[in-house]
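The structure appears right after this line, and notes come after that.
The values are calculated or read from the model by the stated rules, or taken from the named source; none is laboratory data. Source: prediction; values computed, not measured. Please note: Cβ atoms are built from the backbone with ideal geometry, for glycine as well, and neighbour counts cover all protein chains shown. SASA here: full protein model, heavy atoms, side chains in, ligands and nucleic acids out. Shrake-Rupley method; radii C 1.70, N 1.55, O 1.52, S 1.80 Å.
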Amino acid sequence: QVQLVESGGGLVQAGDSLRLSCAASGRTFSIYNMGWFRQAPGKEREFVADRSRSGGTYYADSVKGRFTISRDNAKDTVYLQMNALKPEDTAVYYCAARQAGSGKYDYWGQGTQVTVSS
């Protein structure tokens, strides 16, 4: 198994940037594809971004062009760079891991709060 711990959230103004980090431990990080999700109060969990082992990325339409997912295998860490933040981005952000070839994310972090004020 892999354990995931998010960090980097906080309170920012609209238009600001944040970089979230997700540190992995346990089973080797490199075998997993990684994703980011978020859940706003009163809303369902929403897909944000995914990065495959080969480097391919996929983004939700709501964040495409503003958010970037990346990973540093040497540090066992995946990042979510968030630019031009909007109040609508306010949510708890979770990182998640899935095995290559699987559409199901099996491992989740505890989440980090991102609040964007107008």
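Things worth noting here:
- Beta carbons closer than 7 Å, at least 6 apart along the sequence or on distinct chains, pair a first residue in the range 8-34 that is without any contact (Cβ under 8 Å) to a residue 40 or more places away in the chain and over 30 Å from residue 118 (Cα atoms) with a second that is open to solvent by 30 Å² or more (accessible area, probe 1.4 Å) and not in a strand (DSSP E or B) for 26/1; 27/1.
- Count of residues meeting criterion [more than 11 Å from residue 34 (Cβ to Cβ), modelled with pLDDT of 95 or more and open to solvent by less than 70 Å² (accessible area, probe 1.4 Å)] in the range 95-118: 6
- Every pair of residues 6+ apart whose Cβ atoms lie under 8 Å, when the first sits in the range 70-89 and is free of Cβ contacts under 8 Å to residues at least 24 places away in the same chain and under 22 Å from residue 16 (Cα atoms) while the second is open to solvent by less than 30 Å² (accessible area, probe 1.4 Å) and of a type in the set (A, V, I, L, M, F, W, C): 70/78
- Selection within the range 1-46 - more than 12 Å from residue 93 (Cβ to Cβ), assigned to a strand (DSSP E or B) and either open to solvent by less than 80 Å² (accessible area, probe 1.4 Å) or out of contact with any Cys (no Cβ under 8 Å at 6 or more places or on another chain) (or both): 2, 3, 11, 12, 13, 23, 24, 25, 26, 32, 33, 34
- The criterion of at least 3 residues that are closer than 20 Å to residue 13 by Cβ is met, among strands (runs of 3 or more DSSP E) falling completely within the range 48-118, by 77-82, 91-99, 112-117.
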